[in-house]
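The values are calculated or read from the model by the stated rules, or taken from the named source; none is laboratory data. Remember, it's a predicted structure, so these values are computed and weren't measured experimentally. Neighbour counts are summed over all protein chains in view; Cβ atoms, including those assigned to glycine, are modelled from backbone coordinates with ideal geometry. What goes into the accessible areas is simple: the full protein's heavy atoms, side chains included, and nothing from ligands, DNA or RNA. Shrake-Rupley method; radii C 1.70, N 1.55, O 1.52, S 1.80 Å.
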Amino acid sequence: MRTLLKGGLVISGTETRRADVLIEGEAILAVGTDLPEEGARVVDCSGKLLFPGFIDGHTHFDLPVAGTVTADDFASGSRAALRGGTTMVVDFAAPDKGETLRHGLDLWREKAAGKCACDYGFHMTIDDWNGGISREIGEMMDEGVSTFKMYMTYPAMMIPEGDMYSALLRLKEVGGVAGVHCENSGIIDALIARAKAEGKLSPASHPRTRPAPLEAEAVGHLLRMAQLADTPVIVVHLSTAASLEEVRAARKRGQTVYVETCPHYLLLEDSVYDSPEYREAAKFVCAPPIRKKEDREALWAALRGGEIQTVATDHCSFTLAQKDMGREDFTRIPGGLPGVETRGVLLYTAGVAAGRITLQDMCRLLCENPAKLYGCWPRKGTIAPGSDGDVVVYDPAADSVITAADQAMNVDYSPYEGFPTAGSVAQVYLRGALAVDHGEVLAPPEGRFIPRGKCVL
Ligand code: MN
């Protein structure tokens, strides 16, 4: 089947040009002016922006957390992703300590198989270290799992820093890259103990026990380890101006550092935790926590300046009833925000339409850079002949309002309730098939596992 997207503005990381996009079967056949209409379903895209399908490099679907499981599994999460223009997610396979990486990969492939409506890949979590896991890292690369995750906080996930260093060396050997959650665990634990001793058990204690300097300290710590190992790393969900300073210092030393941030750090500020109403505050609990206005502005400047490579969601959703688990103790609130559905429209509205970033910036942050960073370029991340026919048709004139009532995510709130958008996603094509039409998800759960290679960013 042929589809001709006619007369839209095609966005890349370097230019915007008026062009037709001809998709045949699952792939893009041609991009150019006045392409032949014969045999094609012709779709008028005049006045629309055509982005490559967005890639979300940070989601947690069907993840057991603190005695519960995320509200979104691969079925609801992937439908929400598609609805927001995201045609591929990279989720985190997370074996428990004592298990093999193979077991983690099998488990996550099983969670996604036959359920996922968008394409997907997996990062592999390294939360244990031994000879077997070191060997398995090579096998994971062969399986198309080329990125890994390590934690500097959460005892269930952390490994000693000597092991972390060994893991970095092993990843360097095979050409894998680690994304790392950077927060200083020990001092956070001490601050939590103090808050509890003082009876300060409400959600307001959450940001106070995970202050900005403890993220920056861990970023600096990681980057010195990476310097010694002489290997690139990804700082995931970077949220503060101080952390950016650590990244700049490492880059000045000649290191390659990739940085990811998330929409909630770009749009919200820490006053969200001040509400005396438990749920109003608890629904924003995530780690790192929402930061201050100055941090937010520093992040926007860094997006503009190319210091941040990608905006992913860290989608990790819980219902308000699940958030109630921490009513008596803020440390028991399952941490994470829903976001996989709204990233594109938020970045367009608060970024492009507000004049903070350009269309090219947006395309690099959501499409090109994640495709290169996560090793699926140029199959994904670009509208070019031979690439998968993943296209987001964005209507800049179709303003809307974000509400929980109108979302596919399996949660009963939105962190952005009432947020007026500039434009919205009109259609989404996944490998040549119309997957979303004006909010209606048409794609069957036939998303594919996309094997990924080495980072080319
Ligand atoms: Mn995460």
Any residue at all in region 37-55 that is touching a helix residue (DSSP H, G or I) at 6+ places or on another chain (Cβ under 7 Å) and within 16 Å of the ligand (Cβ to nearest atom)?
yes
With the first residue restricted to region 124-153 and required to be under 23 Å from V89 (Cβ atoms), and the second required to be of a type in the set (D, E), Cβ contacts under 7 Å at 6 or more apart or on different chains are Y151/D127
Of a type outside the set (F, W, Y) and more than 17 Å from G13 (Cα to Cα): is that true of T342 in this structure?
yes
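Would you point out which residue out of A178, A197, A226 is surrounded by fewer than 19 Cβ atoms within 10 Å (Cβ to Cβ) and in the same structural domain as R102 (by TED's automatic domain parsing)? Full working, then the answer.
On the way: A178 fails: surrounded by fewer than 19 Cβ atoms within 10 Å (Cβ to Cβ); A226 fails: surrounded by fewer than 19 Cβ atoms within 10 Å (Cβ to Cβ).
When all the criteria are applied, what remains is A197.
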Inside region 151-181, the number of residues satisfying the requirement of being more than 21 Å from C376 (Cα to Cα), within 14 Å of the ligand (Cβ to nearest atom) and touching a helix residue (DSSP H, G or I) at 6+ places or on another chain (Cβ under 6 Å) is 2
Result of the Cβ filter at 7 Å on region 315-339, keeping first residues that are on the phi < 0 side of the Ramachandran plot and open to solvent by 10 Å² or more (accessible area, probe 1.4 Å) and partners that are within 16 Å of the ligand (Cβ to nearest atom) and at pLDDT below 95, at least 6 apart or interchain, is R332/A66
In region 417-442, which residues are in contact (Cβ under 8 Å) with a residue 40 or more places away in the chain, in contact with a helix residue (DSSP H, G or I) (Cβ under 7 Å, 6 or more places away or on another chain) and over 22 Å from A371 (Cα atoms)?
T421, A422, G423, S424, G439, V441
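If you go through region 315-367 one residue at a time, how many are within 16 Å of the ligand (Cβ to nearest atom) and polar (S, T, N, Q)?
So in region 315-367, the residues within 16 Å of the ligand (Cβ to nearest atom) come out as 315-318, 333-340, 343.
Restricting the remaining residues to those that are polar (S, T, N, Q) gives 317.
Adding up the residues that qualify gives 1.
For region 56-67, what are the residues that are within 16 Å of the ligand (Cβ to nearest atom) and either hydrophobic (A, V, I, L, M, F, W, C) or open to solvent by 10 Å² or more (accessible area, probe 1.4 Å) (or both)?
The initial filter retains those residues of region 56-67 that are within 16 Å of the ligand (Cβ to nearest atom), namely 56-66.
Scanning region 56-67 gives H60, F61, D62, L63, P64, V65, A66.
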Tell me yes or no: at least one residue of region 240-257 is in the same structural domain as L201 (by TED's automatic domain parsing), in contact with a strand residue (DSSP E or B) (Cβ under 6 Å, 6 or more places away or on another chain), open to solvent by less than 30 Å² (accessible area, probe 1.4 Å) and within 19 Å of D314 (Cα to Cα).
no
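Go through R17, R41 for me and flag whichever is over 22 Å from G84 (Cα atoms), under 29 Å from the mean Cα position of the chain (by Cα) and among the charged types (D, E, K, R).
Exactly one of R17, R41 is over 22 Å from G84 (Cα atoms), under 29 Å from the mean Cα position of the chain (by Cα) and among the charged types (D, E, K, R), namely R17.
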The one condition Y278 fails out of (1) away from the ligand (no atom under 14 Å from the Cβ); (2) under 14 Å from T261 (Cβ atoms); (3) not charged (D, E, K, R) is (2)
Exactly one of A113, A93, A117 is modelled with pLDDT of 95 or more, surrounded by fewer than 20 Cβ atoms within 10 Å (Cβ to Cβ) and either aliphatic (A, V, I, L, M) or within 16 Å of the ligand (Cβ to nearest atom) (or both), and that residue is A113
Can you pull out the residues in region 142-175 that are open to solvent by 10 Å² or more (accessible area, probe 1.4 Å), at pLDDT 95 or above and on the phi > 0 side of the Ramachandran plot?
G175
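Counting just the residues of region 230-239 that are in contact with a helix residue (DSSP H, G or I) (Cβ under 6 Å, 6 or more places away or on another chain) and buried (at least 24 other Cβ atoms within 10 Å of the Cβ), which one comes out nearest to L373 (Cα to Cα)? Full working, then the answer.
Of the residues in region 230-239, the ones in contact with a helix residue (DSSP H, G or I) (Cβ under 6 Å, 6 or more places away or on another chain) are 231, 233, 235, 239.
Remaining after also requiring buried (at least 24 other Cβ atoms within 10 Å of the Cβ): 233, 235, 239.
Details: V233: 11, V235: 12, S239: 20 Å.
That would be V233.
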